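Here the structure is laid out as structure tokens; the discussion comes afterwards.
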Amino acid sequence: MVGTFRPRRLISVALLGALALGLAACGEAHPNTTFSHNSEYNTSIDQLWDKLLLLGTIVFVGVEVALLYVIFRFRRRPDSPQPKPVHGSTTLEITWTVIPALVLIVIAIPTVQTIFRTQAKAAPDALQVEAIGHQWWWEFRYPQYNIAVANELYLPVGRTVSFKLKTVDVLHSFWIPAMGGKRDLITNRTNYMWFTPNDTLPSSAWNGACAEFCGESHANMKFRTYTVKPDEFESWVKNQQQGIAVAAVPPAPAAAAPASAGVVPAALTPAGVQPALAVSAAAIPQRAPVWAFPADKIESQFGYTIPKTPIPAGNEFDDALLLNGDVARGQSAAGLCMACHAFTSNAMPYAVDVIAPNLTHIGSRHTIGSGLYPNDARHLARWIKNSGHMKPGSKMTPFGKGQIDGNTGKPSGMGMYTDAQIADIVAYLQALK
Ligand code: CUA
């Protein structure tokens, strides 16, 4: 028996296995990892984790070596003497109390230091952002700039951002894994958190999510974060501060009949491709500087933030109509949307509670449905037609003619738009840069 046992071979196999496992973990890009150094918050947590892993490994190896030694050294042999009883040994009792106490103290020092560092008050000149959870979307208010936006958070690199975390309904949890967090949004209470996106970061896009179960679309309560250069941030703010264009739009040309109803035009087939708004996008004046995180940069470098959710089966829409969407007709039809959505400006404070995302600059966002779908004509049209079908539990009632409201199981009282009218509204919303 003793002759066949090869501890050396066993150890080398175990080491090789551990190495292979370790290397496998390095083989892929992990854009949502928390083990990143994109902010001082994540850096502190990661360094603490490394320290604790090292200390824990030392303790583990020490304990296992001692255990194995004792098992083999004092194993039962035919001629072994009767072992000496050690029950009641004061020396042993003190030793195995003091050693773990020392180990805990050594672990507690960096842990408590990190807790105090990350829980301290944010710098007074920090960027203030109120992140407000709604079932199921995110509102981000920038009180210093008097704007409020939805589902897409812009942060300048190198500047500490101090979050006030609130919810208007149930518990949610704010989390940008690559930056820091997560922290709960608790009813009737304000939580705080701060971090500084590293000033060496290139302009980047990151995923954010709700990390606390908050109802049937919890998994669909995502958001995007853009860490951008300070001058890009200023441009974005300037654009968001501007009100919607209220200039009269020229009368719409007669609606061209859809050439081939039911057939998806080539320009619309890949998700994300926008139809050419030949009709009257120019009717809403473009104001410089208009800056939002560039879509082509997202596609080429930050594909992991592009929603891949398939359109649920059964949400039919005649995509050919989207090529004939008219901004002017859409503008008059969209009056109904104002019952819930603010349109005229992103400016705070609001006279009433916010119940739905602000749409003043909806065309400058890259996602809809709280990060669930790309903000393109195909998805937007189906969203307006029946958002509850696109996102379970959505509080927005269906606006498509004859659609069933998923929340009531009855035909929607607001279901008044034909596909052609929805195509007009889509054209209008997309023009709101
Ligand atoms: Cu909000 Cu989960």
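Each value in this text was obtained by applying a stated rule to the coordinates, not by laboratory testing. A quick note: this is a predicted structure, and the numbers were derived from the prediction, not measured. Please note: Cβ atoms are built from the backbone with ideal geometry, for glycine as well, and neighbour counts cover all protein chains shown.
At-a-glance table
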{"quantity": "Two-site FRET efficiency, Ala219 against Lys297, from Cβ-Cβ distance with R₀ of 30 Å, rounded to 0.05", "calculated": "0.65"}
{"quantity": "Percentage, to the nearest whole number, of Cα pairs in the range 292-433 over 23 Å apart", "calculated": "34 percent"}
{"quantity": "Modelled FRET efficiency - R0 30 Å, Val106 with Phe74, Cβ distances, 0.05 increments", "calculated": "0.50"}
{"quantity": "Filter on Lys51/Lys84; Lys238/Lys385; Lys222/Lys297; Lys238/Lys297 - keep pairs with C-alpha separation over 30 Å", "calculated": "Lys51/Lys84; Lys238/Lys385"}
{"quantity": "Cβ-based net charge around Ala381, under 15 Å, with every Lys or Arg adding one and every Asp or Glu removing one", "calculated": "-1"}
{"quantity": "Value of Rg to Rh for the chain (Rh from inverse mean 1/r over Cα pairs, i.e. Kirkwood)", "calculated": "1.14"}
{"quantity": "Listed residues Asp326, Asp296, Asp318, most fluctuating in the chain (Gaussian network, C-alpha, under 10 Å)", "calculated": "Asp296"}
{"quantity": "Positive-end extreme of charge dipole, the chain - chosen from Val61, Ala292, Ile71 (charges on Cβ)", "calculated": "Ile71"}
{"quantity": "Listed residues Ser217, Ile306, Pro177: farthest to the positive end of the dipole of the chain (Cβ charges)", "calculated": "Pro177"}
{"quantity": "Under 5 Å, built H, 5+ apart or other chain: amide partners of Lys395", "calculated": "Trp136"}
{"quantity": "Net +/- balance of residues flanking Asn407 in space, Cβ distance below 14 Å, scoring K and R +1, D and E -1", "calculated": "+1"}
{"quantity": "Computed over the range 145-202: relative contact order in percent, which uses C-alpha pairs under 8 Å that are six or more apart", "calculated": "40 percent"}
{"quantity": "Total charge dipole magnitude, the chain, about the Cα centre, Cβ charges on Lys, Arg, Asp, Glu only, Debye to nearest 20", "calculated": "1300 debye"}
{"quantity": "Charge sum, other residues only, whose C-beta stays under 12 Å from Pro197's C-beta, Lys/Arg counted +1 and Asp/Glu -1", "calculated": "0"}
{"quantity": "Helix-derived mean residue ellipticity, 222 nm - over the chain, DSSP H n ≥ 4, -39500 (n - 2.57), to 500", "calculated": "-10500 deg cm²/dmol"}
{"quantity": "Within a Gaussian network of the chain (alpha carbon springs, distance under 10 Å), most fluctuating of Pro81, Pro124, Pro411", "calculated": "Pro81"}
{"quantity": "Selected from Ala381, Ala209, Ala24 as most flexible by GNM, with the chain as the system and alpha-carbon contacts under 10 Å", "calculated": "Ala24"}
{"quantity": "Dipole magnitude of the range 127-237, debye to nearest 20 (Cβ charges: Lys/Arg +1, Asp/Glu -1, about Cα centre)", "calculated": "220 debye"}
{"quantity": "Sorted by Cβ density within 10 Å, fewest first, the residues Phe174, Phe343", "calculated": "Phe343, Phe174"}
{"quantity": "With eigenvalues of the C-alpha gyration tensor scaled by 5 and rooted, the range 127-237, Å", "calculated": "23, 14, 12"}
{"quantity": "Unsatisfied cross-links (Cα-Cα over 27 Å) in the set Lys121/Lys182; Lys182/Lys308; Lys166/Lys308", "calculated": "Lys166/Lys308"}
{"quantity": "Distance between modelled label sites at Asn407 and Arg159, nm, 7 Å Cα→Cβ extension", "calculated": "3.6 nm"}
{"quantity": "Helical segments meeting 20 Å axial Cα length and Kyte-Doolittle 1.0 threshold in the chain (DSSP H)", "calculated": "7-26, 90-119"}
{"quantity": "Gain in span if fully extended, Leu67 to Gln128, counting 0.36 nm per residue against the direct Cα distance", "calculated": "16.6 nm"}
{"quantity": "Thr95-Leu171 pseudo-label distance in nm [points 7 Å out on the Cα-to-Cβ vector]", "calculated": "4.5 nm"}
